[in-house]
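Peer 1: If you scroll down you'll find the structure; I have some questions about it.
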Amino acid sequence: MKSIFINSIGVKSGKSLLAWALGLIFEKEGLKVGYFKPVGVQPEVVDGVLTDHDAHLMKNVLKLKDPYHLICPVVLNHDTIFAIFRRKVGSVLKEIEDSYRKLSIDKDIVIIKGGNSFFEGSIVGANGVTLTKVLNTKVLLVDRFVNDVTFVDNVRFIKELLGDRLQGVIITQVMPEKIDYVGNVVIPFIEGDGIPVYGAIPEDKFLGAISIRKACEVVAGEVICCKDKLEELATNYVIGAMDLELAINYFRRINNKIVITGADRSDLQIAAMETSTKGIILTGGRYPNSVVIGKAEEKGIPIIVVNLDTYSTVERLDKAVVTLDFEDEKKIGRYLELFREHIDVNKLKKDFNINR
């Protein structure tokens, strides 16, 4: 049995998309695939069983037969965290290792998904560095490109932490204007350190898109018009809290957006509707006036009223964009296109010794 441990430096790197894509690719090649999430941090109850959101998603999209308690043996919900702080829960490494061994039986390849960083899981003695040793696996580092120096610093630091357990790197979310620079300068430099790089995936706004319906759900909002437009996708969201003239120029520069503002700013709401806006979220629990509602119905732009403040609304939207869901099959289709175009899959399989 072979394994790939996918981990990153931080959030929004694309680990879930990569795990989903690799699972589909390996399945199509006739391999029996397993998925393992040692420590879950997005608790979810499915059919009365506590599990992790990623475990629920992957079990279904990859049609896995393994029970949830093997796919994700440790879930950090409120009760578990409270028990940890009362020192009633110690290291969970034995439980993780036992589950992994059972899940690995009869599998050709197990995709292991780490946390939001190599340090996540330390609270229960199961951070990424420790897990690579306990599970005896090699790491595929996937991380988004912020800038050249930061990215190289991150890769070299992880190399120091993991040594030979760092098998290779995939770079994600590279700005289109930086693709050639990354390919001609950054990648050769990293490979000069003896670290294989399998490719760089360009930034794609669609992969970070969120439907108006999902945005409404995550902020627990009430849709007051244009309910037939909730499947529209927004690739940006902006806060409207400035002078009207500044706001108009700002709104014009950003396409396919959700505008978050207060109900008392009808001027900003109407201005936003004259630009490329997919939805408007009004914070503070107050409703817009009839003029605004009429304009929204004319333009086909849903208005959502939430009881949250602006900061909490943005925080929830941020988390929703990071989290894949069942409705994101279109995203995985697009990601697979980019993956096959920009990633050397054969080199990756050879380095991880994955055979049909």
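Read-outs throughout are calculated quantities, based only on the coordinates presented, and are distinct from any laboratory measurement. What you see is a predicted model, and the numbers here were worked out from it, not measured in a lab. Here the Cβ positions follow ideal geometry from the backbone for every residue, glycine too, while neighbour counts run over all protein chains shown.
Peer 1: Let me know the Kirkwood hydrodynamic radius for the chain, please, with Cα pairs as the basis and the value in Å to one decimal.
Peer 2: Averaging 1/r across every pair of different Cα atoms and inverting gives 22.0 Å.
Peer 1: Okay, helix-only estimate at 222 nm for the chain: each DSSP H run of n ≥ 4 adds -39500 (n - 2.57), divide by all residues, round to 500 deg cm²/dmol; what do you get?
Peer 2: -11500 deg cm²/dmol
Peer 1: Using the crude model of +1 on Lys and Arg Cβ and -1 on Asp and Glu Cβ, and no other charge, please compute the dipole size for the chain relative to its Cα centre, in debye to 20.
Peer 2: Approximately 900 debye in magnitude.
Peer 1: Can you find, among Val146, Leu246, Ile280, the residue sitting farthest towards the positive end of the charge dipole of the chain, where Lys and Arg contribute +1 and Asp and Glu -1 at Cβ?
Peer 2: Of the candidates, Val146 comes out farthest on the positive side.
Peer 1: Still on this structure: What list do you get for Met175, Met58 if you sort them by fewest beta carbons within 10 Å?
Peer 2: Met175, Met58
Peer 1: Along each principal axis of its Cα atoms, how long is segment 232-356 end to end? Whole angstroms, biggest number first, please.
Peer 2: Taking the Cα atoms of segment 232-356, the three principal extents are 63, 27, 25 Å.
Peer 1: Under a 5 Å amide H to amide H cut-off, with H placed in plane at 1.01 Å, what residues pair with Lys2 once short-range neighbours are removed?
Peer 2: Ile109, Val110
Peer 1: Same structure again: Please give me the summed charge of the neighbours of Lys37: other residues whose Cβ is under 13 Å from its Cβ, Lys and Arg +1, Asp and Glu -1.
Peer 2: Once all neighbours under 13 Å are counted, the net charge is -2.
Peer 1: Counting only C-alpha contacts under 8 Å and six or more residues apart, can you give the relative contact order of the chain as a whole percent?
Peer 2: Answer for the chain is 17 percent.
Peer 1: Can I ask one more? In a shell of Cβ-Cβ distance under 13 Å around Lys295, excluding Lys295 itself, what net charge do Lys and Arg (+1) and Asp and Glu (-1) give?
Peer 2: Charge balance in the 13 Å sphere: -3.
Peer 1: If all Cα-Cα distances of segment 144-283 are sorted into 5 Å bins from 0 onward, what percent lands in each bin, rounded to whole numbers?
Peer 2: All Cα pairs, binned at 5 Å, distribute as 2, 9, 16, 14, 11, 10, 9, 10, 9, 6, 3, 0 percent.
Peer 1: Quick one: net charge around Lys227, please, counting Lys, Arg +1 and Asp, Glu -1 for every other residue with C-beta under 15 Å from its C-beta.
Peer 2: Result for the neighbourhood of Lys227: -1.
Peer 1: Check Val46: other-chain or 5+ apart residues with amide H under 5 Å from its amide H, H built from backbone geometry?
Peer 2: Hits under the 5 Å cutoff: Thr51.
Peer 1: If you don't mind, there's one more thing I want to ask. Kindly express, to the nearest 10 degrees and within the range 0 to 90, the angle between helix 244-253's C-alpha long axis and the longest C-alpha principal axis of the chain.
Peer 2: With rounding to tens, the tilt is 40 degrees.
Peer 1: Any idea what the alpha-carbon Rg over 2.2 N^0.38 Å comes to for segment 29-98?
Peer 2: With N residues counted in segment 29-98, Rg over 2.2 N^0.38 Å equals 1.19.
Peer 1: Here's something else I'd like to know. Rule-of-thumb check for segment 1-158: C-alpha Rg over 2.2 N^0.38 Å?
Peer 2: Here the answer is 1.02, to two decimals.
Peer 1: HN-Hα J couplings of segment 233-243 from phi, Karplus 6.51/-1.76/1.60, θ = phi - 60°, integer Hz, Gly and Pro as x?
Peer 2: So the Karplus estimates, Gly and Pro as x, are 9, 10, 9, 9, 9, 10, 9, x, 8, 10, 4 Hz.
Peer 1: Could I ask something else about it? Non-local amide H neighbours of Ala234 (under 5 Å, H modeled in plane, Pro and chain starts lacking H): which ones?
Peer 2: Distant-sequence amide H within range of Ala234: Ile210, Ser211, Ile212.
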